[in-house]
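The values are calculated or read from the model by the stated rules, or taken from the named source; none is laboratory data. Just so we're clear, the structure is a prediction, and the values are computed from it rather than from any experiment. Methodologically, a virtual Cβ is constructed for each residue, glycine included, from the backbone with ideal geometry; neighbour enumeration extends over all protein chains shown.
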2 protein chains.
Amino acid sequence: MGTARSRLLAAALDLFMRHGVSGTSLQMIADELGVTKAAVYHQFHSKEDIVEAVIAPALAELEAVADAAEAQRRRNDRLRVALEGVVDLVVRHRGLFAMIMTDPQVGRLVRSRPPLRGLEERIEAVLTGPEPDAETLVNSAMVSGALMVAGLDPRLAGLDDETLRRHLTATVFRMLHVRRRATS
Amino acid sequence: MGTARSRLLAAALDLFMRHGVSGTSLQMIADELGVTKAAVYHQFHSKEDIVEAVIAPALAELEAVADAAEAQRRRNDRLRVALEGVVDLVVRHRGLFAMIMTDPQVGRLVRSRPPLRGLEERIEAVLTGPEPDAETLVNSAMVSGALMVAGLDPRLAGLDDETLRRHLTATVFRMLHVRRRATS
């Protein structure tokens, strides 16, 4: 059951990325798995349920990143933990973030759900701190854009995770003046 | 005639930003201007023609930026001129870039046209230089994302052009290790 579910989610993500969510039907997912549409319905009642299940693991990881960052006392450490965590997520879930960014239907669905909206706000609050000035707001917005598009650019598709992670981290640290070491 | 045309384009951009291109009809543009749909047809034969006319001035400016950057001999000056020019464009045409980024129909239309695709490639070539390594590719992709999303973030909507321009420029310079002064 666990295996069937994870195979279904992997097939769905693959189809979503190739055809968009609106261009993917439950029948296409069933065909991809070599099962009947009824078998897909047995596990998920709608395409929206499948989209939610596809993104759920990344959401849980993002929540853990927010928890870890908020637990830091110093501003540099909060920024460092949040940025390292988000970079790691973006690198390991490149396809997923590309889908969320480029598929308008997924973007709307994801952003309309309280868990993700709340999570985005928590990460943003860590990045800007309380009562941010204009420079901090601009830099924080730029970091979001820089990380999202980095997962989409076809010129980066050939880079291995470790290389991409290292350069993304170095640059977002530079953008926000973050020191690399934990402050003690 | 010139005035009627520019009023039509301003009304169209406003409607595109509020309703999306696919949600805007020629009739809506006519209503907004208080003219008949025939009067709109007299100037533009399709919505695509209007979209092209709306983005044409920014494209011409982007071409001038590419020309000016390519005319610099030193790498630091090429980067500096390209980044200052693109930042200025993004700041002055915030609404337009938001539309290009968020409206899938506009994005497809814009990117399918040779002039813009060629321009994007020219700017990218200036940013990365010949035979870029992984770090340069990652940073260049991040700059694109950082500048695009900066024009979209609602938290930045209240910033005046000069403030936004100053912070965007400082941060993209830092991302790409660009020195502020012309090299002599």
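Quick notes
- The sole residue among A:LEU89, A:LEU127, A:LEU137, A:LEU159 that is under 14 Å from the mean Cα position of the chain (by Cα) and modelled with pLDDT of 80 or more is A:LEU89.
- Looking at B:GLU70, B:GLU32, B:GLU48, B:GLU84, just one residue is under 27 Å from B:LEU137 (Cβ atoms) and surrounded by fewer than 20 Cβ atoms within 10 Å (Cβ to Cβ), and that residue is B:GLU70.
- Residue check for A:ARG80: of a type in the set (Lys, Arg), assigned by TED's automatic domain parsing to the domain that holds A:HIS93 and within 23 Å of the chain's Cα centre (by Cα): yes
- Residue within segment A:120-137 that is hydrophobic (A, V, I, L, M, F, W, C), surrounded by 15 or more Cβ atoms within 10 Å (Cβ to Cβ) and within 11 Å of chain B (Cβ to nearest Cβ) present: yes
- Each residue in segment B:15-47 was checked for being out of contact with any helix residue (DSSP H, G or I) (no Cβ under 6 Å at 6 or more places or on another chain) and in contact (Cβ under 8 Å) with a residue 40 or more places away in the chain, and 1 pass.
Results for (1) more than 21 Å from B:LEU13 (Cα to Cα); (2) among the aliphatic types (A, V, I, L, M), shown as yes or no for each residue.
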residue: B:HIS93; (1), (2): no, no
residue: B:ILE123; (1), (2): yes, yes
residue: B:LEU152; (1), (2): no, yes
residue: B:GLY158; (1), (2): no, no
residue: B:ARG179; (1), (2): yes, no
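- Selected residue (criterion: nearest to the other protein chains (Cβ to nearest Cβ)) from residues of segment A:96-114 that are over 30 Å from B:ARG165 (Cα atoms) and exposed (fewer than 15 other Cβ atoms within 10 Å of the Cβ): A:SER112
- Look at segment B:95-109: where a residue is touching a residue at least 24 places away in the same chain (Cβ under 8 Å) and a partner is among the charged types (D, E, K, R), sitting 6+ places away or on another chain with Cβ atoms under 8 Å, you get B:LEU109/B:GLU48; B:LEU109/B:GLU52.
- Applying the set (1) outside the structural domain of B:GLY85 (by TED's automatic domain parsing); (2) in contact with a helix residue (DSSP H, G or I) (Cβ under 8 Å, 6 or more places away or on another chain) to B:ILE55 leaves exactly one unmet item: (1).
- In segment A:139-184, the residue that is farthest from the other protein chains (Cβ to nearest Cβ) out of those that are more than 16 Å from A:ALA82 (Cα to Cα) and of a type in the set (Ser, Thr, Tyr) is A:SER184.
- The lone criterion from (1) modelled with pLDDT of 90 or more; (2) in a helix (DSSP H, G or I); (3) closer than 17 Å to A:ASP103 by Cα left unmet by A:ILE55 is number (1).
- Residue match in segment B:125-145 (condition: under 19 Å from B:ALA60 (Cβ atoms) and in contact (Cβ under 8 Å) with a residue 40 or more places away in the chain): yes
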